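One structure is given here, and the rest of the page talks about it.
The values are calculated or read from the model by the stated rules, or taken from the named source; none is laboratory data. Just so it is clear, the model here is predicted, and its values are computed rather than measured. Neighbour counts are summed over all protein chains in view; Cβ atoms, including those assigned to glycine, are modelled from backbone coordinates with ideal geometry.
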Amino acid sequence: MVRWVVGIFFCFCFLTVGAVSIAAPLPPSILVLNESAMVGPFYRKAYDALRATLTANSSQPVSIYLEQLELERFGGDRYEQDLKTHFESKYVDKPIGVIVAVGFGALDFVLRLRAEMFTGVPVVFVMVDEAALQRLNIPPDVTGRTSAVKFQDFLNAARVVVPDLQRIAIVGDRWDKQTAYRHLQQEIPAPSAAFGIIDLVGLPMRELKRRVAVLPERTAIAYTSIFSDGEGTSYPPVDALRLVAEVANRPIVVAAETFVGAGAVGGYVLTPTAIGKEAADLALRILNGESASAIPIADGNFAKPMFDWRQMQRWGVSASSLPPASEIRFREPTVWEQYKAQILAITAAILGQAALIAWLLHERQYRHRAERTARETFSELAQMTAWRRPASCQPSLPMRSNNLLPAS
């Protein structure tokens, strides 16, 4: 009997402790794993938006840790094992509430190593293509927002820029070195008689600049990203784009907002601010007690058509040919848009002066007419008065007296 009572007591304690541990709130901390290196403005803007959203909307202070995996530069089993060892040591006494994986490479890394590094920590992902997501085994406590960057978007933008498009030249790092755009390799259609593909992927920068300077007519350039010149020098992809745009003889279409303004004419671009904000919103929902498994994976709708007005002028692209709801950046304002207030003020002053002058002229003419009318009236009155005066009142001339005549 005693053993039965003790058994019940320990079972009760176990269930109670388990229930308390399940209901315990998550640590107020977020680990951001960025698949790339934060050498360019895109990932920096996404992280800044994430941090700003957390700061503005969290009811308690949230610790944010950032790790840059740099998967476009480094990779392999040994590199991943070194990262795992480094993270295990670095965060041994830093409990993590939510992991935010930015990009497919970061999500793939977390899912393969999470059982050993961050067991049971819920994961939020952003900027992962839906087709690529299907290749992963997504656990229930992983949620996020997909980003639909497709080759068809490059093609649609290219046809807007070059209405009679016949070829598209693809520019970027080797596919195995790319992170955000690696999935596009499977989407590129086979060359046909009506449409051609010019493959410039993975070329050294010197050779690439030579090739893009002599592309045939009716061609557009689809730029993904370049992190290296192929000869040992690394740089942000936006800087590589500028190098290509300086010599390219055909317009460039892109899929990242931060590339608009660096030599590209535009395209259907991902907006990093929206990506960072959505990641923060999902992470906060989980930190506030909502289960990650209860938040369905959905399309983030982070892409929108955006174009550079200066490049549109260069390549003769009309604003009327752009997709609906397109945003045009760097548009030079008209004289009316730039000096609207000044023009209205000057116009009002001129109209006021004109009205005053017109009134003064009217008054002058009215006064002259009044004076002329007064003179005419006075003259008529004088004539009427003279005509009506009686004869007795008329003045008489003195009679000449004969006595006053001299004697003859």
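I need the full set of residues from segment 35-55 which are polar (S, T, N, Q) and modelled with pLDDT of 95 or more, in order please. Working first, answer last.
Filtering segment 35-55 down to residues polar (S, T, N, Q) leaves 36, 53, 55.
Of everything in segment 35-55, just one residue is polar (S, T, N, Q) and modelled with pLDDT of 95 or more, namely Thr53.
Which members of segment 109-141 meet the condition of being surrounded by fewer than 20 Cβ atoms within 10 Å (Cβ to Cβ) and of a type in the set (Asp, Glu)?
Answer for segment 109-141, where residues must be surrounded by fewer than 20 Cβ atoms within 10 Å (Cβ to Cβ) and of a type in the set (Asp, Glu): Glu116, Glu130, Asp141.
Name the residues in segment 242-276 that are out of contact with any strand residue (DSSP E or B) (no Cβ under 8 Å at 6 or more places or on another chain) and either surrounded by fewer than 19 Cβ atoms within 10 Å (Cβ to Cβ) or within 30 Å of Gln166 (Cα to Cα) (or both), would you?
Arg242, Leu243, Glu246, Val247, Asn249, Thr258, Ala262, Thr273
Residue under question is Phe302, and the condition is that it be under 24 Å from Val238 (Cα atoms) and surrounded by fewer than 21 Cβ atoms within 10 Å (Cβ to Cβ); does it hold?
no
Scan segment 280-306 for residues that are of a type in the set (A, V, I, L, M) and touching a Lys or Arg at 6+ places or on another chain (Cβ under 8 Å) and report the count. Full working, then the answer.
At the first step, the residues of segment 280-306 found to be of a type in the set (A, V, I, L, M) are 280, 282-284, 286-287, 292, 294-295, 297-298, 303, 306.
When the remaining residues are screened for being touching a Lys or Arg at 6+ places or on another chain (Cβ under 8 Å), the result is 280, 282, 295, 297-298, 306.
Final tally of qualifying residues: 6.
Quick check on this structure: which one of Ile226, Ile221 is among the β-branched types (Val, Ile, Thr) and part of a loop (DSSP other than H, G, I, E, B)?
Working: Ile221 fails: part of a loop (DSSP other than H, G, I, E, B).
Every option except Ile226 fails the conditions.
Exactly one of (1) assigned to a loop (DSSP other than H, G, I, E, B); (2) of a type in the set (Lys, Arg); (3) modelled with pLDDT of 95 or more is unmet by Arg210. Its number?
Every listed condition holds for Arg210 apart from (1).
Scan the helices (runs of 4 or more DSSP H) fully inside segment 44-146 and keep the ones with 3 or more residues being hydroxyl-bearing (Ser, Thr, Tyr).
Values: elements: 77-90, 104-117, 130-133.
In segment 44-146, the matching helices (runs of 4 or more DSSP H) lie at 77-90.
So which residues in segment 262-296 are part of a loop (DSSP other than H, G, I, E, B) and over 19 Å from the mean Cα position of the chain (by Cα)? Before the answer, list the steps.
Filtering segment 262-296 for residues part of a loop (DSSP other than H, G, I, E, B) gives 262-263, 265, 271, 288-291, 295-296.
Matches in segment 262-296: Asn288, Gly289, Glu290, Ser291, Ile295, Pro296.
Quick test of your reading of the structure: Pro216 fulfils all but one of (1) exposed (fewer than 13 other Cβ atoms within 10 Å of the Cβ); (2) in contact with a Gly (Cβ under 7 Å, 6 or more places away or on another chain). Name the failing condition by number.
(2)
Count, please, the residues in segment 77-98 that happen to be without any contact (Cβ under 8 Å) to a residue 60 or more places away in the chain and not acidic (Asp, Glu).
Final tally of qualifying residues: 11.
Please state which of the following conditions Trp309 fails to meet, knowing it meets all the rest: (1) in the same structural domain as Ala157 (by TED's automatic domain parsing); (2) farther than 19 Å from Val260 by Cβ.
(2)
When the residues of segment 160-181 are narrowed to those that are assigned to a loop (DSSP other than H, G, I, E, B) and touching a residue at least 60 places away in the same chain (Cβ under 8 Å), which ends up farthest from Ala255 (Cα to Cα)?
Applying the first criterion (assigned to a loop (DSSP other than H, G, I, E, B)) to segment 160-181 yields 162-166, 173-174, 178-181.
Subsequent filtering for residues that are touching a residue at least 60 places away in the same chain (Cβ under 8 Å) retains 162-163, 173, 178-181.
On the way: Val162: 17, Pro163: 19, Asp173: 15, Gln178: 14, Thr179: 14, Ala180: 10, Tyr181: 9 Å.
My answer is Pro163.
If I filter segment 145-163 for residues that are of a type in the set (D, E, K, R) and more than 27 Å from the chain's Cα centre (by Cα), do I get at least one hit? If you could, list the steps in order and put the result at the bottom.
Taking segment 145-163 and keeping what is of a type in the set (D, E, K, R), we get 145, 150, 153, 159.
Checking which are more than 27 Å from the chain's Cα centre (by Cα) leaves us with none.
No, segment 145-163 contains no residue that is of a type in the set (D, E, K, R) and more than 27 Å from the chain's Cα centre (by Cα).
If Leu184 passes every condition in (1) in contact with a Ser or Thr (Cβ under 9 Å, 6 or more places away or on another chain); (2) over 27 Å from Gln68 (Cα atoms); (3) assigned to a helix (DSSP H, G or I) but one, which one does it miss?
Here Leu184 meets the rest and fails (2).
So which residues in segment 313-369 are touching a residue at least 12 places away in the same chain (Cβ under 8 Å) and acidic (Asp, Glu)?
Glu327, Glu332
Looking at this structure, is Ala157 assigned to a helix (DSSP H, G or I), surrounded by 15 or more Cβ atoms within 10 Å (Cβ to Cβ) and in contact (Cβ under 8 Å) with a residue 60 or more places away in the chain? Show your work before the answer.
Working: assigned to a helix (DSSP H, G or I): yes; surrounded by 15 or more Cβ atoms within 10 Å (Cβ to Cβ): yes; in contact (Cβ under 8 Å) with a residue 60 or more places away in the chain: yes.
The answer is yes for Ala157.
Tell me which residues, restricted to segment 99-138, are touching a strand residue (DSSP E or B) at 6+ places or on another chain (Cβ under 8 Å), farther than 21 Å from Glu70 by Cα and at pLDDT 90 or above.
Taking segment 99-138 and keeping what is touching a strand residue (DSSP E or B) at 6+ places or on another chain (Cβ under 8 Å), we get 99-104, 106-107, 109-111, 114, 118, 121-130, 133.
Still in the list and also farther than 21 Å from Glu70 by Cα: 121-122, 130.
Residues satisfying the conditions are Val121, Pro122.
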